[in-house]
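Here's the structure, in structure tokens; my notes come after.
Each value in this text was obtained by applying a stated rule to the coordinates, not by laboratory testing. The shown structure was predicted, so the numbers you read here are calculated from the model rather than taken from an experiment. We place every Cβ from the backbone using ideal geometry, glycine too, and count neighbours over all the protein chains shown.
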Amino acid sequence: MLSINQSLLSLKALHSLNRASAGLEKSVKRISSGLRIGSAADDPAGLAMSEKLRTQIKGFERAFLNAQDGISMVQTAEGGLSNTQGILQRIRELAVQSANSALTSSDRLSVQLEVKELIGQINNISSSTKFNTKNLLDGSQSAQVSLSSKFASAVVSANAKAAGSYDVSLKTIKGGVSEVQRSQILTARSSQNPVSGTTKLEDIAQLYDSNGQFALSAGETLTITGNGKDTVIQINGQHTLNDLSAALQQGLNSGLEIQGSYASAVSDANKSSAYIEISSGFAGNKGSFSIIGSEALTSALGFSAVREAQNGLVEATLTDSKGNIRKVVTESQNVSGLLDGVAFKFDSQAAQVSGIGGISSGLKLSSAQNIGLKLGSNTLNVSLSSGSWSIEGLSRSINAQIESDPNFSLSGIKASVSDGEIRLGYDSSTSAPEAFEITSGSQTLGINEGSYSYAATGNKDKSAVVQGFSTYRDEPASKNISFSINQRAYSAFSTQIDPTKADLANSLETVSDLNEQLRAAKADVRVDISGDSLVFTSLKVGTDRATNARSVVNLDIIDQFGNKDTATLQQFGFRNTISYGYGESGFRAQVKDTAAALQIGANEGQTMKVSMGDMSAGALGISDIDLTTIHGASAALSKVDRAIDKVSSEVSRLGTYQNRLNFTMNNIENASANLTSAESRIRDADIAAEIIQHTKNQILTQASTAMLAQANSIMGNVLTLLKK
């Protein structure tokens, strides 16, 4: 059909041309951009998927860099710990050196000075090892712990997890005991002069050597170490024993901050000799101390421990915000196990009054013992009644029976105590020489029958040994003795005035009975036996902040009339009878998780926690090591070994972090490559296919253009028809 108004051929040709042109335009766009999807219209679903994949890829790229930063941070911490390990090895070497008796006290003081500097450097490493201004080895990369008491501190390890608020309370379970040191026995240069607290040091014989050289000719210094501190006192020959005691006491209380310490010069009854006694104010290792000076002065004074420090038992109770309770009993001032990854240290001390001595080994005679003595033709049967006896009491009873013999037939035979054993000796100078014979012995005392030229020494039956204290008093009448604790009396024992009767009170039974009375009276004090001493310790540790109730022990020993019994006080060696606690009985702890979080994935929650514990000297447990004595140096070895183990464990942990981060980076690279490939298949153009389409569309465009021209020319045939 040939028409004028419509050219169907032209329209069809135009349509083909437009379609070919659109295809050509798309091909050119894809080839020039390299993308299959240039706009959302190209592939809406594909574009959405591609954008998600691009998000993951970009996230992985950043996570890879984060992991690299994490490795750098961990390597920085590891470098700091490597230096700490080297320092600990040096400290251990010094401890081994100081434990050698070849060193003088001055040598050990020099060693201690080096150790002090090394400990300071460990603390410096802990506080100054940083990455991007963030501290790494002070515990802040594990947890942040806030405490309500200045008498407590927290040590954070690398696995702290228990964030929250907690209450910690302290209670005495068993009292420890403080260290007591005494000088050697000091006498006057002139035997005619008495020795007391007012005696000048220049008048003390022991301060002069065999050549008459005075140890204080130019004045000297004494260094006192303990509680992680040291202090120096100056002394000279014009100082008295009281002056020296006061200086030592001031040094412990103020210089070492061991509050409640005391020192005094103690003379014997006739003032022929004296000694200086120093008692630490803190029980346990925290109160241990040593005194160092020149070799001549140290040897002359001869201070040594007459009672070693012993840690008590403290129960620490932790209560969380939900009321859950956890309890741990510790014998030191470090508490671990209450919270995962957080250990607490407390400086608080319970009030304590402790004696020195008084408890000794005695014998329990299950039946009466008869010992037959014969001197020449004279005989005497000594009878020892059944019951518990002190060794001195057995000796006293034997002598009393010998002395009470109306014929004085065994004059010269006397019982005494030698190294804890009964000794029967004969002194012929008091009578005519005779044969000394034991006709019947005692298996329990270990006194055997036989003839003796000089003395018979017993060998007591170990199975019959009991621990206790003598109740004998050389007084007109017996007394009922009570321990007055914080102004309330508790019955203890009755004295024995008959020298021939059993005199030993069982110390375990006495202490058990006293504790029963204290519990019944709801007194905050308990009694313990430490070695050969009685120890009265408050159940309260420090001061209760809520009630302001203070830990206190005020001890007195009285008879049934309320009079002070000085003999029993002296028997048990109670010097200072009132004591106050130190610090606080509890504290509140707020724990916040501050472990470093590394974003090692592209999505939420794909983090890695990297925590690093506190590596300071205090956290490692070496801040208070003291190498100024052989005992201290030996004890320091185990402390340093534990510190080395702790640092090694931390380094090992850092190594595991690095390994994990390296594997994480490998995984990120692999995942990122796969996602990039997938995203490319969706979004990128297939250039080869697009070239084919481009060529096709070019040909179609050219053909469509030509055909459109032909279609348009057909309309000219209408004019041809009209002319004819």
task = Could you go through segment 596-613 in sequence order and give the Karplus-derived ³J(HN,Hα) for each residue, using 6.51 cos²θ - 1.76 cosθ + 1.60 with θ = phi - 60°, rounded to whole Hz, and x for Gly and Pro?
result = 5, 10, 9, 7, 10, x, 8, 10, 4, x, 8, 10, 10, 7, 10, 10, 10, x
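Assuming a viscosity of 1.306 mPa s and a temperature of 10 °C, what translational diffusion coefficient in µm² per second does Stokes-Einstein assign to segment 430-546, Rh being the Kirkwood radius over Cα pairs?
Working: Rh = 18.2 Å.
Translational diffusion coefficient: 87 µm²/s.
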task = Hey, could you get me the Stokes-Einstein D for segment 535-597, Kirkwood radius over alpha-carbon pairs, 10 °C and 1.306 mPa s, rounded to whole µm² s⁻¹?
result = 106
ask   = Looking at Asn370, Ser395, Ile644, which one has the Cα that reaches farthest to the positive end of the dipole of the chain (charges on Cβ: Lys, Arg +1; Asp, Glu -1)?
value = Ile644
note = In nm, the gap between the two label points placed 7 Å beyond Cα toward Cβ at Lys29 and Lys609 is 5.2
ask   = Using θ = phi - 60° and the Karplus curve 6.51 cos²θ - 1.76 cosθ + 1.60, what whole-Hz ³J(HN,Hα) does each residue of segment 256-262 get, with Gly and Pro shown as x?
value = 8, 6, 9, 5, x, 6, 9
query = Asn100 versus Lys322, label points 7 Å from Cα toward the beta carbon: distance in nm?
reply = 5.8
remark   = Share of Cα-Cα pairs in segment 360-467 beyond 19 Å, whole percent, is 37
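Please give the calculated 222 nm ellipticity per residue for the chain, where each DSSP H segment of at least 4 residues contributes -39500 (n - 2.57) and the sum is spread over every residue; nearest 500 deg cm²/dmol? Please report the intermediate quantities before stating the final value.
Working: 12 runs with 248 residues, N = 724.
Value at 222 nm, helices only, nearest 500: -12000 deg cm²/dmol.
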message = Tell me the angle of helix 8-33 to the major Cα principal axis of the chain, expressed in degrees between 0 and 90 and rounded to the nearest ten.
response = 30
ask   = What number comes out for the charge environment of Met73, summing +1 per Lys or Arg and -1 per Asp or Glu over other residues with Cβ under 15 Å away?
value = +1
task = Could you point to the residue in Gly531, Asn515, Ile481 farthest towards the positive end of segment 434-533's charge dipole, with +1 and -1 charges on the Cβ of Lys/Arg and Asp/Glu respectively?
result = Asn515
task = For Leu8 and Ser440, calculate 0.36 nm times their separation in residues minus their Cα-Cα distance, and state this gained length in nm to one decimal.
result = 140.1 nm
ask   = For a label point 7 angstrom out from the Cα of Asn480 toward its Cβ, which stretches of segment 520-556 have the backbone nitrogen within less than 19 Å?
value = 520-521, 556
ask   = Arranged by the count of other C-beta atoms within 10 angstrom, fewest first, what order do Glu690, Glu604 take?
value = Glu604, Glu690
key: Residue exposure sequence - Glu179, Glu392 - by fewest surrounding Cβ within 10 Å   = Glu392, Glu179
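Could you work out the percent of alpha carbon pairs in segment 490-553 separated by over 18 Å, rounded to a whole number?
That fraction is 50 percent.
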remark   = Once the in-chain neighbours fewer than 8 apart are removed, the lysines whose Cα is under 21 Å from Lys286 read Lys116, Lys150, Lys171, Lys174, Lys229, Lys345, Lys540, Lys639
query = If you take the alpha carbon radius of gyration of the chain and divide it by 2.2 N^0.38 Å, what ratio comes out, to two decimals?
reply = 1.71
query = What list do you get for Ser290, Ser395 if you sort them by fewest beta carbons within 10 Å?
reply = Ser395, Ser290
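Please state, to two decimals, what the Cα-based radius of gyration of segment 617-722 comes to when divided by 2.2 N^0.38 Å (N = residues). Show your work: numbers first, answer last.
Details: Rg = 41.8 Å, N = 106, 2.2 N^0.38 = 12.9 Å.
That ratio works out to 3.23.
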key: Virtual paramagnetic centre 7 Å along Cα→Cβ of Gln184, amide N under 20 Å, in segment 216-232   = 216-223
ask   = What nm value, rounded to one decimal, do you get for the distance between Glu114 and Ser416 when each label is placed 7 Å out toward the C-beta?
value = 5.0
message = Let me understand segment 178-309 better: what is its radius of gyration from the alpha carbons, and its Dmax, in angstrom?
response = 14.2, 44
